[in-house]
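What follows is a short report on a single structure.
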Amino acid sequence: MLTVINCIAFAHDYRFVAAALFICAVGCAVTIRLFARGRRAERAKRAALILMAGLAGGMTIWTTHFLAMLGFIPNVEHGFEPIFTIMSLAVAIATSTSGLYFAASRRTGPMVEFGGFVLGSGIAVMHFLGMRGFVVAGTVDYDTTLAVASIAGGAALGMLATNRVADGNGRKSLVIATAALILAIGFMHFTAMGAVQITPDARVAVPAQVLSDGVMAILVVSVTILVMLLGMATYMAEEQGEKEAVAHYRHLALHDPLTGLPNRAAATDELPRLLKAAAGTSLAIIAVDLNRFKEINDVYGHAAGDAVLTQTTERMRATLAPGEFFARIGGDEFLAVKPFTRENEIEEFAARIADAFSRPNELGKATFQTSAAIGIAVYPRDGDNIDELTMRADLAMYRSKKSQSGAWCWYDADADEDGRRRGQIAIGLRSAVADGALRLVFQPQLSIKNRELRGFEALLRWTSPQLGEVSPAEFIPVAEQTGIIVGLGDWVMLEACREATQWPEPLGIAVNVSPIQLTRPNFADRLKEILDETGLDPSRLEIEITETALIENPGQALHILRQVKAMGARVAMDDFGTGYSSLSTLFSFPFDKIKVDRSFLKALGRQAQASSVIETVIELGHKLSIPVLAEGVENDFQAAFLKDRRCDEAQGFLYGKPLDSQTARTLAKTGIGEDLQAGRLIA
């Protein structure tokens with residue numbers, strides 16, 4: 001080691017050593033970056049990038065060597081034999097390229113390190129070939145130990161460099177790989193130079209055909225310039241590539257892949273800007289729904305539905321004027337925006353939309369006729385913020401859809417009185433979770449036979465800062481209509497499972513699931529995430545669904561329900577007896593519980609059919625070995641009727657009002673007290 005240090009300290013011009021190390025660092029950084037990009041690229045692009053990396057690596061190795069050699073002070077006449085000098089450059093490029101190619105040919109495995117070995121060994125081959133062309137007036141010998149150490153060290157560090165790139169652990173791995181390659185070149189060169197022993201010999205003459213230091217300097221500078229240019233080109237290519245990638249992914253994120261129109265995310269970004277730009281003027285927000293789209297999908301298949309969407313939107317895109325915005329925000333839902341000064345401009349725009357959506361669409365020999373339901377809200381007349389305007393445009397569109405006249409509807413506060421209330425509810429619901437305005441209450445579910453507490457049903461309550469206490473019967477349909485139910489349902493499921501884990505006894509927790517939630521393909525995956533996050537035993541969870549959830553897409557719904565059951569949760573049929581095909585629904589899936597709708601209990605004693613229905617459902621449950629729970633039990637007459645018919649469970653005001661979480665925890669701990677056994681209400 002002392003020999004190597006002495007070689008660097010006393011046998012080299014520091015200026016050339018510094019220049020060599022600088023070029024080495026730049027070239028290694030370029031080489032590693034190109035190599036890393038080549039490993040990630042597709043096959044054709046990979047070959048080009050690996051070739052560029054090999055050129056950069058080979059020229060870097062060669063330039064570093066000969067820059068340092070120009071700074072070497074042998075104290076004898078010397079020169080550089082041209083054939084071996086040029087051969088050494090070719091060998092450096094060849095071994096670098098082949099080594100990087102081997103290392104890039106596999107994602108992991110020994111081939112990665114083998115490629116690094118070839119790369120590191122190539123440094124030694126190039127070095128000693130270059131030294132073969134270093135002609136002095138004397139003889140050149142080597143210290144074998146140092147020579148072997150230089151070769152082994154270069155190869156090992158080359159293997160480390162390719163290994164770190166293959167590790168793929170971000171910027172840190174690239175920095176380590178670059179440092180390893182710099183060390184491989186530097187260690188190999190200066191250790192091997194430390195092994196050099198030059199003995200002057202006046203009998204040995206330096207041939208006249210050798211390259212002088214001056215000529216060699218010009219050659220080295222030329223190759224150095226090539227390395228720097230390659231580095232600059234690499235940097236510019238990476239910058240351009242990153243910009244193109246960002247632009248590409250941004251386009252994908254903001255555009256619908258089928259139609260190429262801006263999507264909901266783009267509309268969310270664009271609408272505030274358009275509204276701000278419209279300050280002092282007017283802006284129309286137009287909600288558009290494609291009529292008969294579901295019918296075409298169901299009858300003719302998704303290919304027909306896709307053809308209708310693409311052909312319709314192509315016609316629509318062709319009619320757009322500067323300043324007009326048109327986006328696909330859902331399956332058959334669109335949103336248009338137009339600044340205007342006269343209302344007849346909106347009429348003309350709506351007419352263009354209606355025309356584009358009403359023309360025939362063709363797929364093969366089939367022709368599909370559609371139309372559009374169009375609703376219009378105007379800023380600032382109908383609202384001064386995006387949520388309000390889009391909601392009112394939706395309300396006007398729903399009115400257009402109901403009329404089935406094909407005419408567009410302007411938002412009308414009088415005509416949409418009920419719609420305005422729904423709009424207020426929808427706007428409030430969007431921020432209800434963040435505002436902390438939602439809460440859960442828990443209604444006890446008991447065994448009728450011995451009045452033991454079996455669990456609770458989680459019920460959602462909402463106190464709006466603007467509307468006050470809003471009934472679930474009012475806000476749940478709005479949430480389902482607008483899609484807000486997905487976020488609300490997720491919150492309810494998470495909070496209910498989290499609360500159940502706080503109970504001192506492992507009681508069951510029942511949670512209602514909307515049909516909208518059940519149609520989402522990731523419902524079961526999200527449910528598993530919630531169970532894992534809260535730590536709730538799946539067997540304690542019971543999701544309640546209505547028959548509606550199984551009507552629109554029974555195949556998908558049943559598939560999801562089977563996934564739910566597979567993870568250990570239970571599934572109950574809620575509001576049983578109120579649908580059109582409850583019996584066929586019941587036989588299509590092995591439900592864990594049947595819940596008799598409260599309407600039958602309310603009619604008990606007043607309508608003869610009510611008792612027959614309840615008795616039939618209970619008997620059916622017994623024969624199918626499915627427990628039956630009666631909802632809405634409010635008096636002793638109803639309770640006695642259910643007990644005589646051997647109904648399994650019940651819930652209702654007779655057994656307990658919905659409780660806040662703290663009271664529910666207390667009841668879970670103490671069980672049913674004497675006052676409840678006597679049938680008195682608890683609060």
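The values are calculated or read from the model by the stated rules, or taken from the named source; none is laboratory data. All values reported here derive from a predicted model rather than from experimental measurement. Ideal geometry is used to build each Cβ from the backbone, glycine not excepted, and the neighbour counts take in all protein chains shown.
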Is the stretch 662-676 home to any residue that is at pLDDT below 95, surrounded by 15 or more Cβ atoms within 10 Å (Cβ to Cβ) and in contact with a helix residue (DSSP H, G or I) (Cβ under 7 Å, 6 or more places away or on another chain)?
-> no
Does I594 meet the test of being within 22 Å of L488 (Cβ to Cβ), among the β-branched types (V, I, T) and assigned by TED's automatic domain parsing to the domain that holds G632?
-> no
Test T162 against the stated conditions and say whether it is at pLDDT below 85, crowded, with 19+ Cβ neighbours inside 10 Å and over 28 Å from F72 (Cα atoms).
-> no
Subset of the stretch 165-191 that is at pLDDT 90 or above and small (G, A, S) - its residue that is surrounded by the fewest Cβ atoms within 10 Å (Cβ to Cβ) = A179
Please go through the stretch 370-384 and pick out each residue that is more than 18 Å from D414 (Cα to Cα) and either touching a residue at least 12 places away in the same chain (Cβ under 8 Å) or touching a Leu at 6+ places or on another chain (Cβ under 7 Å) (or both).
-> T370, S371, A372, A373, I374
Picking from V299, V308, the residue that is exposed (fewer than 13 other Cβ atoms within 10 Å of the Cβ), among the β-branched types (V, I, T) and in a helix (DSSP H, G or I) would be V299
Examine the stretch 530-545 for a residue that is within 19 Å of R498 (Cβ to Cβ) and of a type in the set (G, A, S), and state whether such a residue exists.
-> yes
Residue check, R203 against (1) assigned to a helix (DSSP H, G or I); (2) basic (K, R); (3) surrounded by fewer than 19 Cβ atoms within 10 Å (Cβ to Cβ), all met but one. Which one?
-> (1)
Scan the stretch 421-440 for residues that are of a type in the set (D, E) and under 11 Å from A479 (Cα atoms) and report the count.
-> 0
Scanning the stretch 98-111 residue by residue, those surrounded by fewer than 21 Cβ atoms within 10 Å (Cβ to Cβ) and more than 34 Å from the chain's Cα centre (by Cα) turn out to be S98
Within the stretch 24-46, restricting to residues that are surrounded by fewer than 16 Cβ atoms within 10 Å (Cβ to Cβ) and among the basic types (K, R), the one that is modelled with the highest pLDDT is R40
Being loosely packed, with under 15 Cβ neighbours inside 10 Å and either assigned by TED's automatic domain parsing to the domain that holds E333 or of a type outside the set (S, T, N, Q) (or both) narrows it down to one of D384, D394, so name that one.
-> D384
Of the listed residues (L49, L70, L55, L21), the one being surrounded by fewer than 24 Cβ atoms within 10 Å (Cβ to Cβ), without any contact (Cβ under 8 Å) to a residue 24 or more places away in the chain and either in the same structural domain as D201 (by TED's automatic domain parsing) or not small (G, A, S) (or both) is L49
If the Cβ limit is 6 Å and pairs must be 6+ apart or interchain, which residue in the stretch 649-667 that is in the same structural domain as W503 (by TED's automatic domain parsing) pairs with which residue that is of a type in the set (S, T, N, Q) and crowded, with 22+ Cβ neighbours inside 10 Å?
-> E649/Q445; Q651/Q445
Residue hits (the stretch 256-296; in a helix (DSSP H, G or I), among the aliphatic types (A, V, I, L, M) and under 26 Å from the mean Cα position of the chain (by Cα)) are A265, A266, A267, L271
Single residue of A233, A237 found to be modelled with pLDDT of 70 or more and surrounded by 11 or more Cβ atoms within 10 Å (Cβ to Cβ) | A233
